[in-house]
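First up is the structure itself, then whatever we jot down about it.
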């Protein structure tokens, strides 16, 4: 029997971490042949050369697609998207996958899916139907949905939103958030192992901080992140673990400010281009909260029974657990949110948090579907009208 070729495209450290167990399941399935395309941030030293982690995990990368992330200006990002379409087209012509699997809402993935659409390659999309009203990721995500043929959403509300976009209900599956698989299946590090792995000792209180640009706003990244740093600098007996921003417009100014902060407070702060999924999730076991505007604070943190401070509008519109504290990207508002996060009353209340994103086993559910679904004529889509 001919194996069905499943091509997974990954462009960032965080996205790969979410896809890890799905890739393992595909690779282990005797009816499927895993193909991997690494692109985007994975191929740049500035962002940690994280393609090496993919290889270290035992995977073979079939194609490395360099999209020249040499700058984070609007013009440079647009150029990278164009290069991505061209180079992914070449990769698909060589690999000839039966199905493309992608996750999320980034411009690298938009380029890959655009190329797949023209090449008449069916696309399976994870985490569609979500909202991030403060970022152009919102438009990219919904555009990917319209170019995709199978949909795996994290909640029933998101499933309904994908159907509202005109997708056939029998092709939209609510499987839960795939990041929960990592929490359930990874053997996380002990506190001693984690401290040794980052060469940094945790304090009485600790925070995990990740902040990305709000891409629909002009030149706000430096101001907003400076407000956050000012609030963090007021904390006592608290260590900060930073993970740097993705390759979005204006991301480099955030990373520069992180480096400057760590130089000023070397005893209480440390920064990483990429912690990797194991260390990142291990960190969540031992920190008192997640701070910034990363989706991980909404998707994964609630399962660890820790609080999240969600700053500004980047994640506006997403479903949130009771452990999430929203605040403005202003120093006073962030300071108040930190006080609430670290209060005894809130710390006790988050122990009763229920994640709205399921209980895991997501990878197995997806593989079962993509192994059996009929791909013949699946690219011939009809718009589903809600009556």
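Every read-out reported here was derived from the displayed coordinates using simple, explicitly stated rules and does not represent laboratory data. Because the structure is a prediction, the values reported are computed rather than measured. So basically every Cβ, Gly included, is an ideal-geometry build from the backbone, and we count neighbours across all protein chains shown.
Brief remarks follow.
- Its relative contact order, with pairs defined as Cα atoms under 8 Å and 6+ residues apart, puts the stretch 189-352 at 24 percent.
- Full extension of the chain between residue 204 and residue 343 yields a length gain of 48.7 nm, computed as 0.36 nm times the residue separation minus the alpha carbon distance.
- Rg over Rh, two decimals, the stretch 55-208 (C-alpha only, Kirkwood Rh): 1.04
- Counting every C-alpha pair in the stretch 189-352, the share spaced more than 29 angstrom apart comes to 10%.
- Of 369, 121, 325, the one that fluctuates the most in a GNM where the chain has Cα springs shorter than 10 Å: 369
- Taking label positions 7 Å along the Cα-Cβ direction at both residue 234 and residue 33, the computed distance is 6.0 nm, reported to one decimal.
- The chain pair-distance distribution - Cα-Cα, 20 Å bins, rounded %: 29, 60, 12, 0
- The residue 376 and residue 156 beta-carbon pair, evaluated with R₀ = 25 Å, returns a calculated FRET efficiency of approximately 0.30.
- Per principal axis, descending, Cα span of the stretch 170-219 in whole Å: 48, 39, 17
- Calculated [θ] (222 nm, deg cm²/dmol) that DSSP helices of n ≥ 4 give over the chain, each run adding -39,500 (n - 2.57): -12500 deg cm²/dmol
- Ranked list, fewest to most other Cβ atoms within 10 Å of each Cβ, for 141, 4, 185, 377: 377, 185, 4, 141
- Ranked 81, 41, criterion: other C-beta atoms within 10 Å, fewest first: 81, 41
- Mean-square fluctuations from a GNM of the chain, with a 10 angstrom spring cutoff on Cα atoms, peak among 27, 181, 105 at 27.
- Rounded FRET efficiency, nearest 0.05, which uses the C-beta distance separating residue 2 from residue 326 and R0 of 51 Å: 0.50
- Most mobile listed residue (74, 90, 56) in the chain, GNM with C-alpha springs under 10 Å: 56
- Note on residue 170 and residue 361: the model spin-label points, each 7 Å out from Cα along the C-beta direction, lie 2.5 nm apart.
- Taking label positions 7 Å along the Cα-Cβ direction at both residue 185 and residue 197, the computed distance is 1.7 nm, reported to one decimal.
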